[in-house]
């Protein structure tokens, strides 16, 4: 009897999971900047010293920064004096706490021909004080500590989004300029060619959301772009299915008592 109930629960949850994959809707936000070339998805700043690249692709807009050192001498980045700026709010690129999640599998052999096997998970926080990145000559460093947004943008009726169907999927698209964008932010970086930062170099670049596409097409159906991130949200049907799921699991638990 218990085996049958366990099988029913597993089958029920599997069917529910498959059903809920179509219970989400998505917004794909395209980012623009004054230095992004026309018809390009790349954010690239380059001079004789370095090559600086931004990548916002992924869920909730992860801010991925890659700095390549062109020099024959080191470059330093002070992350505690670098930040993402939204309006008048500063979000530091440097986090003193590093969260770790790891799986440990270990085999240990001794001189007396014994073997000790162990496995488990490690979860915790490491506190560290290193807020500088040392970039050796002809090498790069990547930083990815913050995200842009995890909530849907509210599309005003005045924006008059355009509608079209691609591969039998409906798309609702709204376009924005820098002046009326729903999201404007800056990235401020502090670098130096000396470790004591006696002659710092500053990069202060502005970005804004220039397009929002709303659809039920999942990220697996969408082309990955460096200038575009996505946000997901449960539809009304998804919330309804969630309520039915709780009721169904409760009935199964009661039946097993």
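Brief remarks on what is shown
- Packing, taken as the mean count of other beta carbons within 10 Å per residue, orders the peptides 218-224, 161-167 from highest to lowest as 218-224, 161-167.
- Principal axis analysis of the Cα atoms in region 162-223 yields extents of 58, 29, 11 Å, listed in decreasing size.
- Cβ crowding within 10 Å ranks 54, 202 as 202, 54, fewest other Cβ atoms first.
The numbers here are math on the coordinates, done by the rules we state, and not lab data. Just so it is clear, the structure is predicted and the values come from calculations on it, not from any experiment. Cβ: placed from backbone, ideal geometry, glycine included. Neighbour counts: every protein chain shown.
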